[in-house]
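Reviewing the structure listed below.
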Amino acid sequence: EVGEPNLKVQMDFYHAQIVEGDLAMKFKKYFNNIGHVQIAGVPDRHEPDESEIDCGYLMRLLDEMGYEGWVGCEYRPRGSTEEGLGWMQRLSKTAHA
């Protein structure tokens with residue numbers, strides 16, 4: 001334990017799901033220590049909207065809890081880069097529903 005308020009950890013939703021699951025509970029538990037969230041679709045590390053995890057729910061949870069850090073996307077697009085970015089518009093519709 002470092003005890004410095006400006007030191008945060010990255011929560012990688014992809015790896016957390018692969019290793020242990022229960023992402024929402026882990027995010028809530030470690031919320032005060034998280035400074036960056038990384039997302040990707042599980043299990044194939046493709047676009048986050050086609051995944052065994054509900055990214056729309058997780059994005060709403062981040063909003064509800066007042067998360068102000070960065071969300072990074074580290075995945076392998078199934079097609080072109082442009083096609084691979086289409087998930088953001090689709091997810092935005094479900095995240096704000």
Inset, instruction - Can you work out which of the residues in segment 1-33 that are without any contact (Cβ under 8 Å) to a residue 12 or more places away in the chain and of a type in the set (S, T, N, Q) is surrounded by the fewest Cβ atoms within 10 Å (Cβ to Cβ)? - result: ASN6
Inset, instruction - Could you please tell me which pairs satisfy a Cβ distance under 9 Å, a separation of 6+ or placement on different chains, a first residue in segment 38-53 that is touching a residue at least 40 places away in the same chain (Cβ under 8 Å) and of a type in the set (Val, Ile, Thr), and a second residue that is crowded, with 19+ Cβ neighbours inside 10 Å and in a loop (DSSP other than H, G, I, E, B)? - result: ILE53/GLY41; ILE53/VAL42
Inset, instruction - Kindly indicate whether ASP44 is assigned to a loop (DSSP other than H, G, I, E, B) and within 11 Å of the chain's Cα centre (by Cα). - result: no
Legend entry - Among residues of segment 74-97, those that are modelled with pLDDT of 90 or more and closer than 21 Å to PHE27 by Cβ, counted: 2
Legend entry - Residue match in segment 58-73 (condition: touching a Leu at 6+ places or on another chain (Cβ under 9 Å) and touching a residue at least 40 places away in the same chain (Cβ under 8 Å)): yes
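Assess whether LEU62 counts as being in contact with a Gly (Cβ under 9 Å, 6 or more places away or on another chain) and either assigned to a strand (DSSP E or B) or surrounded by 12 or more Cβ atoms within 10 Å (Cβ to Cβ) (or both).
On the way: in contact with a Gly (Cβ under 9 Å, 6 or more places away or on another chain): yes; either assigned to a strand (DSSP E or B) or surrounded by 12 or more Cβ atoms within 10 Å (Cβ to Cβ) (or both): yes.
Yes.
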Inset, instruction - Run VAL37 past the list (1) among the aliphatic types (A, V, I, L, M); (2) part of a helix (DSSP H, G or I); (3) modelled with pLDDT of 95 or more and report the number of the one that doesn't hold. - result: (2)
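The values are calculated or read from the model by the stated rules, or taken from the named source; none is laboratory data. Computed from a prediction, not measured in an experiment: that's the story for all the values here. Glycine also receives a Cβ, built like all others from the backbone with ideal geometry; neighbour counts cover every protein chain displayed.
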